Amino acid sequence: MSEKTPQDVLKMIQDENIELIDLKFVDPLGTWQHLTVHQSLIEEESFTEGVAFDGSSIRGWKSIHESDMAMRPDPNTAWIDPFMADKTLSLICTILEPRTGELYDRCPRAIAQKALDFLQAANLGDTAFFGPEAEFFIFDDVRFDQTENKSYYYVDSAEGRWNSGREEAGGNLGYKPRYKEGYFPVSPTDSLQDMRSEMLLTMAKCGVVIEKHHHEVATGGQCELGMKFAPLIKAADDLMVYKYVIKNVAKKYGKTVTFMPKPIFNDNGSGMHTHQSIWKEGQPLFAGDRYAGLSQMALHYIGGILKHAPALLAFTNPSTNSYKRLVPGFEAPVNLAYSQGNRSASVRIPIASSPKAKRLEFRCPDPTANPYLAFAAMLCAGIDGIKNEIDPGDPLDVDIYELSPEELAKVPSTPGSLLEALQALEDDHSFLTATGVFTEDFINNWITYKIDKEINPMRLRPHPYEFALYYDV
């Protein structure tokens, strides 16, 4: 795909008579924010100097006395937003410090750019490809509340197996996927085919290269769309488009979507298995004659991922809910090992006949991750493995869940909570900061924010299930 220039975008605005430009950027927690401006405010200089805005109200960013910031549109991200009544051009932005014009150290997209710059400066490769597989649930209804005297959540889906005995308008037809048996059934059990098709085709109109879609394992409307792998920043941009399109198409159908890893008890959660590889001058560097057809570079990359995995999870699995998915028995990769084709390992090497398809798949991440931060952190860990020739150990080519307790005790496991992951990040982050990709300020701010705004509020509140356990003591 050819690169777009600012002049290309300005010509597109003029030729297609576009009056409104929507400038989108991602906050540290991975949520898109946006500002819509009239086309008269976008000039060629806007693509270098940026468009000014107040950053003091963005989570984890500026204080009010230093709130001026600038968002710089990337001309390569131009697409017509399909969900706005008036024709509107969408542009994804990177955040700048307006006084210096430098990349803002807390901007996730800027951090992703620095990770790519570090790869190239290390002369290890010129392109890092990432292919995320983000799963999600489509619900008909969601309600939740938390006050001083009550706490609850409620989700529902016409597909939910729990509704097999419900009286329904026109009669209950009974086509509801069994728990853990939602993978690949045809209609009428899969009731979401047409909606997913619209999601996939709408993504394509927004510039995402699409591949497939299907129902996922869990009951209650778990699904996945497939998009082609892409260079790091493009892959992160595509994932943001993916979430945006899926949520808005579902809204058209009167449905709601969540990317929470574990919204349903006792069934499979939603992960974001992430495929990755490094290339140089158009050649794949992860193909070789070692285990599973990998190169020594790829094995060292895996060594870096496995060594730093506990700290990585602070970015790849950044919610308290993430660790309700990372438990044994639900196809979740809780053991830090690698294997060819074994989906119970946290790092899997997919079977691929072509050297260009040779890659590794890190299976721990989930879709609450900010993709720019998660991809950048994984790349830094992999590069650390390559530079320091970190041995990943022997592969584990057995079903990890069939190992004896004695054998399993020898296999490292993922952190059991977000707090444990943050503690690991606090102890092990030089592979992120020594590269200049992440700053100490960003790491400290991330840890403090997560503890103060997420972990401590969860600690303070009674859990509904505690009443079942302890009310009558």
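The values are calculated or read from the model by the stated rules, or taken from the named source; none is laboratory data. The structure displayed is predicted, hence computed values, not measured ones. Methodologically, a virtual Cβ is constructed for each residue, glycine included, from the backbone with ideal geometry; neighbour enumeration extends over all protein chains shown. Each accessible area value is taken on the protein alone, full model and side chains, heavy atoms only, with ligands, DNA and RNA left out. Shrake-Rupley method; radii C 1.70, N 1.55, O 1.52, S 1.80 Å.
Some observations on this one:
- Taken over the C-alpha atoms, the chain has Rg and Dmax values of 22.7, 73 angstrom.
- Look at the alpha carbon pairs under 8 Å that are at least 6 residues apart: their mean separation over the length of segment 183-243 gives a relative contact order of 30 percent.
- Label point distance in nm, residue 152-residue 470, each placed 7 Å from Cα along Cα→Cβ: 2.2 nm
- Alpha carbon centroid spacing (whole Å) that separates segment 408-427 from segment 77-98: 38 Å
- Semi-axes of the equivalent ellipsoid for segment 335-473, computed as √(5λ) from the eigenvalues of its C-alpha gyration tensor and ordered from largest down, come to 31, 25, 14 Å.
- Per residue solvent-accessible surface (Å²) - the chain, probe of 1.4 Å: 46 Å²
- Shown is the FRET efficiency for residue 214 and residue 162, computed with R0 = 25 Å from the Cβ-Cβ distance and rounded to the nearest 0.05: 0.65.
- Here the simple spin-label model places points 7 Å from the Cα toward Cβ, and for residue 39 and residue 19 these points are separated by 1.0 nm.
- Using only side-chain charges placed at the Cβ, +1 for Lys and Arg and -1 for Asp and Glu, the dipole size of the chain relative to its Cα centre rounds to 700 debye.
- The alpha carbon gyration tensor of segment 150-260 gives principal lengths a ≥ b ≥ c with a/c of 1.5 or higher and a/b greater than b/c, which makes the shape prolate.
- For q = 0.09, 0.13, 0.15 Å⁻¹, Debye-computed log10 I/I(0) when each Cα of segment 1-129 counts as one equal scatterer: -0.28, -0.58, -0.76
- With contributions of -39500 (n - 2.57) from each DSSP H run of at least four residues, the per-residue ellipticity at 222 nm computed over the chain stands at -9000 deg cm²/dmol.
- Segment 132-260 - percent of accessible surface contributed by carbon and sulfur, probe 1.4 Å: 52 percent
- Given their separation in residues at 0.36 nm each and the Cα-Cα distance between them, residue 440 and residue 426 gain 4.0 nm when the chain is fully extended.
- Taken along the Cα-to-beta-carbon direction at a fixed 7 Å, the label points for residue 187 and residue 389 span 5.8 nm.
- 3J(HN,Hα) couplings calculated from phi for segment 286-300 with the Karplus curve 6.51 cos²θ - 1.76 cosθ + 1.60 (θ = phi - 60°) are, in sequence order, 9, 8, x, 10, 9, 3, 6, x, 8, 7, 4, 4, 5, 5, 5 Hz; Gly and Pro show x.
- Percent carbon-and-sulfur accessible area, segment 430-473, ignoring ligands, DNA and RNA, probe 1.4 Å: 58 percent
- Computed over segment 348-473: relative contact order in percent, which uses C-alpha pairs under 8 Å that are six or more apart: 17 percent
- Take every Cα pair under 8 Å whose residues are at least 6 apart in sequence, average their separation, divide by the length of the chain, and the relative contact order is 14 percent.
- Both numbers refer to the Cα atoms of segment 165-204; Rg and Dmax are 13.0, 39 Å.
- Hz values of 3J(HN,Hα) by residue in segment 259-265 - Karplus curve (6.51, -1.76, 1.60), Gly and Pro given as x: 9, 4, x, 9, x, 10, 6
- Theoretical gain in end-to-end length, residue 31 to residue 408 [0.36 nm per residue, Cα-Cα removed]: 132.0 nm
- Per atom type, segment 261-368 shows carbon and sulfur on 53% of its accessible surface, probed at 1.4 Å.
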